[in-house]
Amino acid sequence: MRDNTADYYESSEFQQILQKFEDMIDNESTLYLDASDIADIVDYYVLSSEQEKVETALEYGMRLHPNDTDIIIANINNLLAQGNTKMAKQFAEMLEDPTNQEVLYIKGLVELADDNIQESRFYFDQSFNNSNNDLSLIEDIILELTNKNYDDEVQYWLDIAFEKMTKPIPIFYEYQADLYYRTNQYDKAIEWYNKQLDIFPFDSYPWEQIGKIYFLREDYTKARECYEYALAINDDNHEAMLMKADCYINTHDYKTALNLYKELLEKAKEYENILTYCCGKCHFHLHNYDLAMEYLTRTEENLDENDSEKLYIEVYNLMARIHIVKHNEDEALKYIYKGLAIDPDDIELNLLINMTKQL
């Protein structure tokens with residue numbers, strides 16, 4: 001599921017308000033802002049994980065607008081972000097307006113944070129009933145439920161969305177398809193991604209997702225076709241290009257895969273480690289062992305805590321294999337034991353030990 005962060009915080013309107021507030025803090029001056037504007041500033045800092053600024057904005061808001069509903073809601077959002085559900089519930093109890101959509105919604109969030117799913121549905125239902133069929137509210141609810149892995153509740157709200165919408169809204173088709181994808185109902189997921197494409201044919205995301213399903217099913221030809229459609233929509237889609245190359249490497253077309261990996265390596269620094277590894281792997285299978293070692297050494301030098309243990313082990317595995325081919329027993333064992341230090345039970349690495357004994 002794609003990020004659905006509101007665009008408001010990037011708007012010039014909000015940025016001007018934020019700048020005024022930050023100038024006031026920097027200059028230790030005084031400025032009047034509406035409670036709703038201060039609440040937006042608090043929420044912005046919460047999303048940006050700037051906790052010190054959150055506290056500063058909350059203190060200012062509570063001093064300027066004591067007991068204001070928007071400020072209390074902003075404070076609850078802050079407490080929920082910190083995982084302090086007990087305190088959040090105490091503040092939620094201060095809000096008593098039974099017809100205020102925002103009040104009812106935040107009460108639902110508090111109950112959801114505490115895994116009181118029936119209570120959260122009650123408040124979300126009441127919030128929606130007071131929203132004049134605001135489908136964007138259902139979007140927010142679905143995102144919160146998805147983050148908590150309440151898939152049955154997601155389906156409940158998707159059913160309401162499809163019942164209430166007066167014209168097709170692509171995002172709900174995407175959420176429905178994502179739900180089926182997430183719960184491994186792949187045929188239904190493909191059906192709904194295709195429905196999304198019928199409504200909005202120039203969105204590459206459904207093609208990427210359908211491609212992932214065929215990739216999981218090891219139907220690499222169909223998967224590659226999906227990624228080619230995604231790239232036809234956006235030729236700068238790095239993930240689609242990476243997955244297309246992975247399709248080729250899984251069908252043992254190492255030359256084509258290598259060319260794609262090398263092309264992407266020049267464009268996508270975010271994938272540098274995995275790409276240098278893949279280039280090394282292709283060269284290994286093409287028997288270009290020196291080039292393979294150059295790429296793998298580059299990968300090893302850049303590995304850090306953000307890389308998976310699987311990548312570490314695969315790099316050490318290939319480096320060991322190259323040294324076995326070159327009859328460098330000591331070097332092969334060095335990389336084998338580096339991998340075994342991460343996973344002593346790795347089957348392939350343990351088999352490589354026996355191979356070194358035959359050198």
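Scan the range 339-350 for residues that are within 10 Å of Asn317 (Cβ to Cβ) and either touching a strand residue (DSSP E or B) at 6+ places or on another chain (Cβ under 7 Å) or open to solvent by 50 Å² or more (accessible area, probe 1.4 Å) (or both) and jot them down.
From the range 339-350, those within 10 Å of Asn317 (Cβ to Cβ) are 339, 346, 348-349; that's our starting set.
Glu348 - this is the single residue of the range 339-350 that is within 10 Å of Asn317 (Cβ to Cβ) and either touching a strand residue (DSSP E or B) at 6+ places or on another chain (Cβ under 7 Å) or open to solvent by 50 Å² or more (accessible area, probe 1.4 Å) (or both).
Within the range 194-245, restricting attention to residues that are of a type in the set (Asp, Glu) and open to solvent by 60 Å² or more (accessible area, probe 1.4 Å), which residue is nearest to Thr276 (Cα to Cα)? Don't jump to the end; show me each part of the working.
Of all residues in the range 194-245, those of a type in the set (Asp, Glu) come to 198, 203, 208, 218-219, 225, 228, 235-236, 239.
Now narrow it down to the ones that are open to solvent by 60 Å² or more (accessible area, probe 1.4 Å): 198, 218, 225, 228, 235-236, 239.
On the way: Asp198: 38, Glu218: 23, Glu225: 24, Glu228: 22, Asp235: 21, Asp236: 19, Glu239: 15 Å.
Filtering first and then ranking leaves Glu239.
Only one of these is of a type in the set (S, T, N, Q), out of contact with any Pro (no Cβ under 8 Å at 6 or more places or on another chain) and open to solvent by 30 Å² or more (accessible area, probe 1.4 Å): Asn273, Asn317, Asn306. Name it. Break it down into steps so the answer makes sense when it comes.
On the way: Asn273 fails: open to solvent by 30 Å² or more (accessible area, probe 1.4 Å); Asn317 fails: open to solvent by 30 Å² or more (accessible area, probe 1.4 Å).
Of the residues listed, the single one that is of a type in the set (S, T, N, Q), out of contact with any Pro (no Cβ under 8 Å at 6 or more places or on another chain) and open to solvent by 30 Å² or more (accessible area, probe 1.4 Å) is Asn306.
Considering every residue within the range 89-112, establish whether at least one is under 21 Å from Ile142 (Cα atoms), open to solvent by 70 Å² or more (accessible area, probe 1.4 Å) and touching a residue at least 12 places away in the same chain (Cβ under 8 Å).
yes
So which residues in the range 209-244 are among the acidic types (Asp, Glu) and either in contact with a His (Cβ under 9 Å, 6 or more places away or on another chain) or assigned to a helix (DSSP H, G or I) (or both)?
First, the residues of the range 209-244 that are among the acidic types (Asp, Glu): 218-219, 225, 228, 235-236, 239.
Within the range 209-244, Glu225, Glu228, Glu239 meet the criteria.
Is it fair to say Glu270 is at pLDDT below 95 and farther than 30 Å from Tyr175 by Cα?
Values: at pLDDT below 95: yes; farther than 30 Å from Tyr175 by Cα: no.
No: the conditions fail for Glu270.
Name the one entry in Tyr248, Tyr254 that is touching a Ser or Thr at 6+ places or on another chain (Cβ under 6 Å), within 19 Å of Cys282 (Cβ to Cβ) and open to solvent by less than 60 Å² (accessible area, probe 1.4 Å). Spell out how you get there, then give the answer.
Details: Tyr254 fails: touching a Ser or Thr at 6+ places or on another chain (Cβ under 6 Å).
Checking each option against the conditions leaves just Tyr248.
Conditions tested, residue by residue: (1) in a loop (DSSP other than H, G, I, E, B); (2) of a type in the set (A, V, I, L, M, F, W, C); (3) in contact (Cβ under 8 Å) with a residue 60 or more places away in the chain.
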position	(1), (2), (3)
Tyr9	no, no, no
Phe14	no, yes, no
Ile17	no, yes, no
Ile25	no, yes, no
Ser29	yes, no, no
Ala39	no, yes, no
Val46	no, yes, no
Ala57	no, yes, no
Gly61	no, no, no
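Could you list, in sequence order, the residues of the range 116-132 that are among the aromatic types (Phe, Trp, Tyr) and within 18 Å of Glu93 (Cα to Cα)? Working first, answer last.
To start, the set of residues in the range 116-132 that are among the aromatic types (Phe, Trp, Tyr) comprises 122-124, 128.
Within the range 116-132, Phe122, Tyr123, Phe124 meet the criteria.
Condition test on Thr356, is it open to solvent by less than 30 Å² (accessible area, probe 1.4 Å), under 34 Å from the mean Cα position of the chain (by Cα) and polar (S, T, N, Q)?
On the way: open to solvent by less than 30 Å² (accessible area, probe 1.4 Å): yes; under 34 Å from the mean Cα position of the chain (by Cα): no; polar (S, T, N, Q): yes.
Considered against the rule, which asks whether it is open to solvent by less than 30 Å² (accessible area, probe 1.4 Å), under 34 Å from the mean Cα position of the chain (by Cα) and polar (S, T, N, Q), Thr356 comes out as no.
Would you mind finding the one in Glu329, Glu300 that is open to solvent by 60 Å² or more (accessible area, probe 1.4 Å), farther than 17 Å from Leu242 by Cβ and among the charged types (D, E, K, R)?
On the way: Glu300 fails: open to solvent by 60 Å² or more (accessible area, probe 1.4 Å).
Being open to solvent by 60 Å² or more (accessible area, probe 1.4 Å), farther than 17 Å from Leu242 by Cβ and among the charged types (D, E, K, R) holds for just one of Glu329, Glu300, which is Glu329.
Return the residue satisfying two criteria in turn: it lies in the range 13-70 and is among the hydrophobic types (A, V, I, L, M, F, W, C) and over 20 Å from Ala81 (Cβ atoms), and of such residues it is modelled with the lowest pLDDT.
Going residue by residue through the range 13-70, those that are among the hydrophobic types (A, V, I, L, M, F, W, C) are 14, 17-18, 21, 24-25, 31, 33, 35, 38-39, 41-42, 46-47, 54, 57-58, 62, 64.
With over 20 Å from Ala81 (Cβ atoms) added as a condition, the list becomes 17, 24-25, 31, 33, 64.
Numbers: Ile17: 94, Met24: 92, Ile25: 91, Leu31: 87, Leu33: 92, Leu64: 91.
Among those that are among the hydrophobic types (A, V, I, L, M, F, W, C) and over 20 Å from Ala81 (Cβ atoms), it is Leu31.
Counting only residues that are closer than 28 Å to Ala57 by Cα and more than 23 Å from the chain's Cα centre (by Cα), give me the helices (runs of 4 or more DSSP H) lying completely in the range 68-180 with at least 1 of them.
Passing ranges, in order: 69-81, 85-92, 101-113, 117-129.
What is the residue count in the range 38-67 for residues that are surrounded by 18 or more Cβ atoms within 10 Å (Cβ to Cβ) and within 30 Å of the chain's Cα centre (by Cα)?
First pass over the range 38-67, keeping only residues surrounded by 18 or more Cβ atoms within 10 Å (Cβ to Cβ): 38-46, 53-54, 57-58, 60-61, 65.
In the following step, the residues that additionally are within 30 Å of the chain's Cα centre (by Cα) were identified as 38-46, 53-54, 57-58.
Adding up the residues that qualify gives 13.
Restricting the range 184-193 to residues that are closer than 16 Å to Arg217 by Cβ and not small (Gly, Ala, Ser), which is surrounded by the most Cβ atoms within 10 Å (Cβ to Cβ)?
Initially, the range 184-193 is screened for residues closer than 16 Å to Arg217 by Cβ, giving 184-191, 193.
The next check asks that each one be not small (Gly, Ala, Ser); those that pass are 184-188, 190-191, 193.
Numbers: Asn184: 10, Gln185: 14, Tyr186: 17, Asp187: 8, Lys188: 15, Ile190: 19, Glu191: 13, Tyr193: 27.
Only one residue fits best here, namely Tyr193.
The values are calculated or read from the model by the stated rules, or taken from the named source; none is laboratory data. Computed from a predicted model, the values in this text were never measured in an experiment. With ideal geometry, Cβ positions are generated from the backbone for all residues, glycine too; neighbour counts draw on all protein chains shown. These area figures cover heavy atoms from the full protein model, side chains too; ligands, DNA and RNA do not enter into them. Shrake-Rupley method; radii C 1.70, N 1.55, O 1.52, S 1.80 Å.
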